[in-house]
Amino acid sequence: MEERSIDTLSLDGGWLCLNFINTVDDHTAEQPFEYLSTYNDLLDWSVKVEMLPLSEARQLKAIAKNDPKKAGQVLSTIIEARKELYHLFWAITKDESPDDKTLAAFNELLENAMSQLKIRIEDELEVSHEWKDKTDLIYPLHPIVKSAYNLLTSDKLDRVKECGACRWLFLDQSKNKSRKWCSMENCGSNVKAKRYYHRNKKKN
């Protein structure tokens, strides 16, 4: 069996914050596999999804190395934020409104993230943004939260689904919104293979 790591982690969420939510293997399991075991794992994932350039990740790794205790505390905060994002979007997959506690937690995350955002308006009214303090260990969380806000305020919210096989969350980008699995190559093929096996077993 292939060893699971950031390198082997599939990016089937279809949206940055959903891929972040999927960095743990099945939120409902008693002992799910955790891809973000260390702060460096978070940074490696951030580079993998092209959220941070390698130079910024290296800078944060150096800061984390000098203060491992703080890095561990920040990672715990980010893992807790991931849990809140999961509750938020899981409710949406069920066509339900998230509860007040979940919304309050997300609004606090959003307030903290947006307070670090700067907007620029350049030639020909081209708008861009950047984050204020890229040396703060919590910095990688900010673009993830902004991604969640962007998804919540988009016209794609009804396309957020839970995979029928692995239970990861994903954005259904099919024309008729009919996808059942986060990945046809992985989960879809596995489900179909199991159905084929059971059908033939009954015949025999």
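Remarks
- Residue check for Leu9: surrounded by 14 or more Cβ atoms within 10 Å (Cβ to Cβ), more than 27 Å from Ala104 (Cα to Cα) and more than 15 Å from the chain's Cα centre (by Cα): no
- Selection within region 1-48 - touching a Phe, Trp or Tyr at 6+ places or on another chain (Cβ under 7 Å), acidic (Asp, Glu) and modelled with pLDDT under 95: Asp12, Asp25
- Boolean, Asn66 is within 13 Å of Pro140 (Cβ to Cβ), of a type in the set (S, T, N, Q) and more than 13 Å from the chain's Cα centre (by Cα): no
- From Lys118, Lys161, residue being touching a strand residue (DSSP E or B) at 6+ places or on another chain (Cβ under 8 Å), at pLDDT 95 or above and farther than 26 Å from Thr28 by Cα: Lys118
- Residue in region 142-158 that is more than 26 Å from Glu34 (Cβ to Cβ), modelled with pLDDT of 95 or more, of a type in the set (A, V, I, L, M, F, W, C) and under 17 Å from the mean Cα position of the chain (by Cα) present: yes
- Qualifying residues in region 99-149 (those that are in a loop (DSSP other than H, G, I, E, B) and of a type in the set (S, T, N, Q)) - the one nearest to Leu43 (Cα to Cα): Thr135
The values are calculated or read from the model by the stated rules, or taken from the named source; none is laboratory data. Since this is a predicted model, take the numbers as computed values, not measurements. Note that each Cβ is placed from the backbone with ideal geometry, even for glycine, and that neighbours are counted across all protein chains shown.
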